[in-house]
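The values are calculated or read from the model by the stated rules, or taken from the named source; none is laboratory data. Note that the structure is a prediction, hence the values are computed from the model and not measured. Cβ coordinates were reconstructed from backbone atoms using ideal geometry, including for glycine residues, and neighbour counts include every protein chain displayed. The accessibility values were calculated without ligands, DNA or RNA, using every heavy atom of the protein model including side chains. Shrake-Rupley method; radii C 1.70, N 1.55, O 1.52, S 1.80 Å.
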Amino acid sequence: DGRLTFYPGNQTVDLPFINFMKRYGTVFLNAYTNSPICCPSRAAMWSGLFIHLTESWNNFKGLEPGYVTWMDLMEKNGYYTQKYGKLDYTSGHHSVSNRVEAWTRDVDFLLRQEGRPMVNLTGDRKYVRVMEADWQNTDEAVNWIKKEAINLTQPFVLYLGLNLPHPYPSPYAGENFGSSTFLTSPYWLEKVTYEAIKIPKWSSLSDMHSVDYYSSYTKNCTGEFTKQEVRNIRAFYYAMCAEADAMLGEVISALRDTGLLKKTIVIFTADHGELAMEHRQFYKMSMYEGSSHVPLLVMGPGIKNQQQISNVVSLVDIYPTMLDIARIPVPQNLSGYSLIPLLCGKAENGVSPKGHRPSWVLSEFHGCNVNSSMYMLRTGKWKYITYSDGHSVLPQLFDLTADPDELTNIAVKFPAMVRSLDKILRSIVNYPKVSSSVQEYNKRQFISWKQSLGHNYSNVIANLRWHQDWLKEPKKYENAIDKWL
């Protein structure tokens, strides 16, 4: 959650290396994901293109396997490149459940797809390495810096992808269930100030936006949660962020120990945030700030230190920024703009052949846990969220200055503002057309998957992540699918 990298969110948890990057670099106060879910978000970051251009519709459908990323271009231009950890931006990852849930979101049924969010404390006060796989990848990156990078005669680019602070799988809910366990050890939990944790305001289910209700239901969050449960989920999430911060620290320390820190640009960001029980939801897949607002910090030679940038930026800006750092000509067709002018504190003086950075960012979502394509335009103090074809589902408008927790939808109150923001959005993307092509894609994919299973179809679909609800009335849900088809 990007809000943890600046005041007041950072009072809840100690993040020493994020703070180090703020002191010696720049923090972006309004950085957004272009799609609040792993694979599509990473597709935007690696391609520099909006989701509707690469058609990265869900966690299964990202970039084509041979896609030329900014890292490929840097390698072609003399950089030594090295990747460790989670990449997750091409087609073909994630479970059958992920795919089928995304494809069937237009079916008229409600099924829980995630385990109820819960916490799990493991180990003792000395147990530091909770997310073992991430630590292994961090160790490899650190060893590479100390043994390889130090001896290179060419410039290098190193990528380290962490899984934290993503919730862990929840085996208690059955093998096909989602990742709904917030897991940490006492060592990390002690970094969290419980008294500073804000308990989100809960709307009653009847007052929720129809899409929020669907999301909350599929994420198993419509039941009752005590204040203590909610506070714990948030605390454990912050503790997991502290563990991720320590991994960032390992990389920074390795660069410092080898003398590389003063000549290396370091960028820290994330694919999406975590709602951690805001808006009666956990996980991502939402345009609310907890899910769509990401961290973005940059430090290194030429970057202004102790700088806070309030311009809206998004992950598609990483591609042109990396090329700019490497002095490689930036392709004209990109959706993003280089962050270098902002980072170096220079006024953008029209030098960019692409013209000025726009005053808005776009995020869109077409995957599971949400029963409609959604589009978010953030500009100035406004956040406009619209769904599907723009009229069959009510849009939302929030004034983030007056209502940072996004509790009051003022779309009906400000129709002229809605019209004006909708016009800007339609000038960027013909969203009703995109929504309709996603609906066709979902149906096509589902039909070919169903045909591939033959007689086995009923058995397979009954045992996906929604098995606990499905098995109560299997015929009813199969009929709903037949009706949709």
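Within the stretch 132-146, can one find any residue that is assigned to a loop (DSSP other than H, G, I, E, B) and touching a residue at least 24 places away in the same chain (Cβ under 8 Å)?
No: zero hits.
Scanning the stretch 238-273 for residues being open to solvent by 30 Å² or more (accessible area, probe 1.4 Å), hydrophobic (A, V, I, L, M, F, W, C) and part of a helix (DSSP H, G or I) gives a total of 1.
So which residues in the stretch 411-435 are part of a helix (DSSP H, G or I) and in contact (Cβ under 8 Å) with a residue 60 or more places away in the chain, if there are any at all? Passing the criteria: I424, L425, I428, Y431, V434, S435.
Here is a check on your reading of the model: is Q451 assigned by the TED database to the domain that holds L53, at pLDDT 95 or above and either more than 20 Å from T33 (Cα to Cα) or not in a loop (DSSP other than H, G, I, E, B) (or both)?
no
Please tell me if Y384 is at pLDDT 95 or above, open to solvent by less than 10 Å² (accessible area, probe 1.4 Å) and either more than 28 Å from M21 (Cα to Cα) or not charged (D, E, K, R) (or both). Yes: the conditions hold for Y384. Among the residues making up the stretch 95-122, those that are assigned to a loop (DSSP other than H, G, I, E, B) and open to solvent by 60 Å² or more (accessible area, probe 1.4 Å) are D108, R112, R116.
Give V142, V211, V157, V192 a once-over and let me know the one that is of a type outside the set (D, E, K, R) and in contact with an Asp or Glu (Cβ under 7 Å, 6 or more places away or on another chain).
Working: V211 fails: in contact with an Asp or Glu (Cβ under 7 Å, 6 or more places away or on another chain); V157 fails: in contact with an Asp or Glu (Cβ under 7 Å, 6 or more places away or on another chain); V192 fails: in contact with an Asp or Glu (Cβ under 7 Å, 6 or more places away or on another chain).
Result of the check over V142, V211, V157, V192: V142.
Counting only residues that are at pLDDT 95 or above, more than 26 Å from M74 (Cβ to Cβ) and part of a helix (DSSP H, G or I), the stretch 6-17 holds 1 of them.
Residue-wise test of (1) open to solvent by less than 30 Å² (accessible area, probe 1.4 Å); (2) part of a strand (DSSP E or B); (3) touching a Cys at 6+ places or on another chain (Cβ under 8 Å); (4) of a type outside the set (D, E).
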site	(1), (2), (3), (4)
N19	no, no, no, yes
F28	yes, yes, no, yes
N34	yes, no, no, yes
A44	yes, no, no, yes
W57	yes, no, no, yes
